[in-house]
1. Being within 14 Å of chain A (Cβ to nearest Cβ) and closer than 19 Å to residue A:308 by Cα, is that true of even one residue in segment B:333-348?
2. Which ones in segment B:156-171 are out of contact with any strand residue (DSSP E or B) (no Cβ under 6 Å at 6 or more places or on another chain) and either within 14 Å of chain A (Cβ to nearest Cβ) or assigned to a strand (DSSP E or B) (or both)?
3. Which one of these is within 14 Å of chain B (Cβ to nearest Cβ), within 19 Å of residue A:20 (Cα to Cα) and modelled with pLDDT of 85 or more: A:355, A:327, A:377, A:371?
4. Name the single residue that is surrounded by the most Cβ atoms within 10 Å (Cβ to Cβ) among those in segment B:254-276 being touching a helix residue (DSSP H, G or I) at 6+ places or on another chain (Cβ under 6 Å) and at pLDDT 85 or above.
5. Identify all residues within segment B:6-35 that are in contact with a helix residue (DSSP H, G or I) (Cβ under 8 Å, 6 or more places away or on another chain) and free of Cβ contacts under 8 Å to residues at least 60 places away in the same chain; write none if there are none.
6. Could you tell me how many of the residues in segment B:133-145 are surrounded by fewer than 17 Cβ atoms within 10 Å (Cβ to Cβ) and either within 27 Å of the chain's Cα centre (by Cα) or outside the structural domain of residue B:169 (by TED's automatic domain parsing) (or both)?
7. Give the number of residues within segment B:306-359 that are under 25 Å from residue A:334 (Cα atoms) and surrounded by fewer than 21 Cβ atoms within 10 Å (Cβ to Cβ).
8. Looking at segment A:292-314 only, could you name the residues that are away from every other protein chain (no Cβ under 14 Å) and buried (at least 16 other Cβ atoms within 10 Å of the Cβ)?
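The values are calculated or read from the model by the stated rules, or taken from the named source; none is laboratory data. Computed from a predicted structure; not experimentally measured. Using ideal geometry, Cβ is built from the backbone for each residue, glycine included, and neighbour counts are taken over all protein chains shown.
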């Protein structure tokens, strides 16, 4: 039966090519525009570490003085060196890492390559295990290296290819910032989106090229990348004691019970700091998990949301347009449908036949929409924004496009098909 | 022309009429809001920035030796000034529209309730004139004020004077007496305001389009490793040549530094890429949507005309002219589109309320509504013209045929 209806649909669609083309074009444009923006939204609001993100938390403390104090205010978005080191040494979480963004001048071993600056991540070693960073060669520096100013470095795959032609470079010496470093590891391609662990250096920026032990980088006084918030008297220039928040601290807590315990630990820590006279404010802590942290920071650009809503509005205009055209098309065939009904076809089967026709339009429109979405995403990738390169259609979105197109067209076909079913066969036969 | 029969006919075809009305209304809502956003973005593209943009090239350096910076910077500047065509060179810590830089909460005193965030520009000697800052009140920094102001690795210069932009002066001292006042940064540091300049944009592009887009404070500073931007001034036609010469000169003076030069026009261009691409996306969506709407009207109108061939024939047979028939269909379209526009106005307003609530958009000014209405009326009339002409050519003899 389906095959017969499909055949009828093709014949009918072929009969009025102009109207059919208009319907298909409207569906394709609507689907193309909405899927382009939906894909961008989907990529940008995705989970950077699926399966792991629920266990990663970002503690916030409030070490500021009472100037400009407002009750209920959010604590700073980063931690100070003192707090970071205290929490790190307390080691109350399953894993923890203290980190900051920096930049370092690299003098390539090959003199043919000019020296260049590269973004560096200064961090303690749990960073790699906590964020599931894949290693290509070697491994992370040792626990002792975190505390002894070790000159060791982990390279990204990109930098390893640039400097060492992609070979296993572990054990080699690399000159950076005027000092010699030993390469201990090379990580595989890794670009979490968003750049969740440090939003201060750009929400969708690329991963850094080199990874150094935190203490090493700080003691070398490498240029700082990120944002620093200070309070009180800022004549103090020593990064380690200045009243500034400028580091990111992440913890891994495997169970909700541990998270609750850790939150309590943060409150107790704040209370203790206040009793020591280091903090002036009452405990004001937050422990958001990764997705909550991204949400709180409104990471997805509002322009992307705006474009999505406009594209959805456009899609609805296209669908209403298709409903209208389909209604015209079905009602024009009133006499034909009247004959079918008179020959014994039930309302139900006429309805089914018309829906198959609508679905066929949706299928072709979906293919067109898919092509337009691919074109749209290609145009998005040409844009210079830092998330542009991420705009790719993945398999779920690919399938969703089809289902969405066919579903939308079927819904659009319901009203015209129902109206066409109400035709009284006798009247149609008589008037002709 | 009597519109009663048109209403009767529309009433008879409720469903298709309702569909067109709905489509017009939705298109009107999307169109008005999109045009409003486009207008805003285009206004942002022309954002004022009172420096000599077309005369400047900027060379950013990284990896200079902090220990010798105090001697290197004057040497580098002297070399840059020696390039033919260069009319001035100075150092800065950050550049309008350039890489994001420090932002301070500034106020009129430690007890003030108003703490707008203002970008921090630190200028080396000669900076104001090289940039082409337009002084509205007061004076520029004197040589002694540069020499007295140092960072020593800290965040804030230890000088005592600042120049601020007009917008910031207005925000902090709305009565207009900024000159000579103390500008407080945090609760301990304060600086005397010695000058007010025309509005200069902040670094980065995140403040574009906001009221705070011009909140900036200029500090004088003695040569310091924090200076990473060399600003070189020349006549606009010499810019490209000066850019290459300046890059080469700095490269020979300090081969280990990482050097990147751009004309200021390029920097400005990059800051607005997101704004521009958003505007283009919206223009594209609007055009395609209006086209789809127009074709929808064409499709439905021609269906109608075909359905009513006999009635048209009868009307022609009993004396209606072609112009009467044409006018009938155009009026019918006008009535339908008007209904759609009326509904669309309400929808536009609703959509705008939603966007205002979630995306920091201002209220839709009323004059966007008639613009949207006119556009849709025009499109409706044009789209209906084809089918209406077709209808007017129906011969009266059709009335006598049974099919």
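1. Checked segment B:333-348: at least one residue is within 14 Å of chain A (Cβ to nearest Cβ) and closer than 19 Å to residue A:308 by Cα.
2. Result: B:158, single match.
3. Values: A:355 fails: within 14 Å of chain B (Cβ to nearest Cβ); A:377 fails: within 19 Å of residue A:20 (Cα to Cα); A:371 fails: within 14 Å of chain B (Cβ to nearest Cβ).
Just a single option satisfies the conditions, and that option is A:327.
4. Checking each candidate, the answer is B:264.
5. Within segment B:6-35, B:15 is the sole residue that qualifies.
6. The number of residues fulfilling the criteria is 3.
7. 9
8. A:293, A:294
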